[in-house]
Amino acid sequence: MDHPETLTPEPQPDATATSSIQVLDRVVRLLERLGEAGDGGEQLSRLATGLGLSASTVHRLLAALEQHGWVDREEATRRHRLGTRLIALAGRAADGSGLRRLCRPALLRIAAETQETTFLIVRSGLNAVVVDRQEGSYVIESLTQGTGGLLPLGIGSGSLAILACQPAAEVEAILAANAPRYREYGTTVEAVRGSLGGIREQGYMLANGSLIQGLSVIAMPIRPPGRDVTAAIAINFITTRLEPANRQAWLTLLKQEVQSIEAGMSLPPRRTRHSRNGET
C-alpha cells in the first residue's frame with residue numbers, strides 16, 4: 001500500500017531574525033542619509049523626518065553607531081556626520097578588487113601633469129562614490145567634497161560616465177529609482193538621460209560649470225575588457241583654464257592613463273610558483 005508523501009511544513013519567519021533585518025535596513029538607510037548630508041552633517045530631527053522614523057528610534061541607532069566610530073556628533077551644532085572609522089572601511093572596500101591600488105599611480109601622474117584635482121569614482125548600487133582623490137596645485141570645490149563623497153548615479157561627470165556604460169534596461173531602472181534625488185540637484189531624469197548619448201559617442205564627459213558655477217570636469221569611464229564598467233577618472237578644474245590646447249592635452253593624457261589601467265585589469269592575477277621542497 002502506497003503511503004501519501006509527507007510534506008515538510010515551510011519554516012515560519014523567525015521574529016527575532018525579522019526584527020534584526022529591519023534594524024539593519026534602518027542603519028543602512030541612516031548611513032546613506034548621513035553620506036548625502038556631507039561634511040556639514042545633519043540634525044537628529046531632520047534625519048528622523050527624512051527616514052520616516054521616530055526621533056527616539058533614530059537616537060538609539062545614532063548612539064550605537066557612535067560607539068563603534070561609524071558616526072560622529074558635534075556638540076556645538078548637535079549635528080551628526082559619518083565617522084572616521086568608515087574611511088578605513090571604504091578604503092578596504094575600494095582595494096578589495098585592487099582597483100584603487102591600480103589607479104593610484106595614474107591619479108598622481110594626471111594631477112602632477114595638469115596641476116588639477118583628480119578623482120577615482122566607483123559605482124556602489126544606485127550611487128557613485130569617490131574612493132581616491134589627488135589634489136592639484138590649488139584648492140577646488142567639488143560636489144563630492146572629497147574621498148568618501150557620495151552622489152546618485154547620474155549626478156556629476158564621473159557618475160554620468162559610469163552610468164552611460166550600463167545596459168539600457170539597467171540605466172532606465174537606475175534613472176527611475178534616483179528620480180526623486182535628482183530634484184535635489186536641480187535636474188531631471190530627462191536631462192540625465194539626454195547626457196548619456198554624447199558620452200557613449202565621444203567616450204568621455206565634459207561639463208562646463210553646469211552644477212557648480214565656474215567649475216568644469218572631464219571624466220572618462222574605465223572599461224576593462226569583458227567586465228562591467230564600475231569606475232571612472234575625473235579631472236576638476238576652473239572653467240577659465242579650458243583652453244583648446246589644454247583640453248586636447250588633458251584628454252590625450254586621460255585616455256592614455258585609462259587605457260593603461262584597463263590593460264592592467266585584463267591581466268590574470270599573478271600566481272606564486274612553489275618548488276618541490278615548498279620554497280617560492
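Residues that are in contact with a helix residue (DSSP H, G or I) (Cβ under 7 Å, 6 or more places away or on another chain), open to solvent by 30 Å² or more (accessible area, probe 1.4 Å) and in a helix (DSSP H, G or I) within the range 180-212 comprise Arg193, Ser195, listed in sequence order. Looking at the range 179-187, can you tell me whether even one residue there is at negative phi and within 16 Å of the chain's Cα centre (by Cα)? There is at least one residue in the range 179-187 that is at negative phi and within 16 Å of the chain's Cα centre (by Cα). The test for being touching a residue at least 60 places away in the same chain (Cβ under 8 Å), open to solvent by less than 60 Å² (accessible area, probe 1.4 Å), under 18 Å from the mean Cα position of the chain (by Cα) and over 23 Å from Ser266 (Cβ atoms) holds for Ile218.
The residues of the range 203-228 that are at pLDDT below 90 and hydrophobic (A, V, I, L, M, F, W, C), listed by number, are Leu206, Ala207, Leu211, Ile212, Leu215, Val217. Output the residues belonging to the range 28-45 that are in a helix (DSSP H, G or I) and surrounded by fewer than 14 Cβ atoms within 10 Å (Cβ to Cβ). Passing the criteria: Val28, Asp39, Gly40, Ser45. Restricted to the range 46-72, and to residues there that are free of Cβ contacts under 8 Å to residues at least 12 places away in the same chain and not in a helix (DSSP H, G or I), the residue that is nearest to Val130 (Cα to Cα) is Gly52. Of all residues in the range 221-260, those that are open to solvent by 20 Å² or more (accessible area, probe 1.4 Å) and in a loop (DSSP other than H, G, I, E, B) total 8.
For every residue, the table says whether it meets (1) modelled with pLDDT of 85 or more; (2) in the same structural domain as Cys103 (by TED's automatic domain parsing); (3) within 22 Å of the chain's Cα centre (by Cα).
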residue	(1), (2), (3)
Thr230	yes, yes, yes
Ile233	yes, yes, yes
Leu242	no, yes, no
Asn246	no, yes, no
Trp250	yes, yes, no
Leu253	yes, yes, no
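Among the residues of the range 102-126, the ones that are closer than 29 Å to Val189 by Cβ and surrounded by fewer than 20 Cβ atoms within 10 Å (Cβ to Cβ) come to 3 in all. Of all the residues in the range 155-179, those that are without any contact (Cβ under 8 Å) to a residue 60 or more places away in the chain and either in a loop (DSSP other than H, G, I, E, B) or open to solvent by 40 Å² or more (accessible area, probe 1.4 Å) (or both) number 10.
Quick check on my filter: what residues within the range 56-72 are open to solvent by 60 Å² or more (accessible area, probe 1.4 Å) and within 14 Å of Gly35 (Cα to Cα)?
Scanning the range 56-72 gives a single hit, Trp70.
The values are calculated or read from the model by the stated rules, or taken from the named source; none is laboratory data. The model shown is predicted, which means the values in this text are computed figures rather than measured ones. No Cβ is skipped: glycine too gets one built from the backbone with ideal geometry, and neighbour counts run over all protein chains shown. For the accessible areas, the whole protein counts, side chains as well, though only heavy atoms, and no ligand, DNA or RNA atoms are used. Shrake-Rupley method; radii C 1.70, N 1.55, O 1.52, S 1.80 Å.
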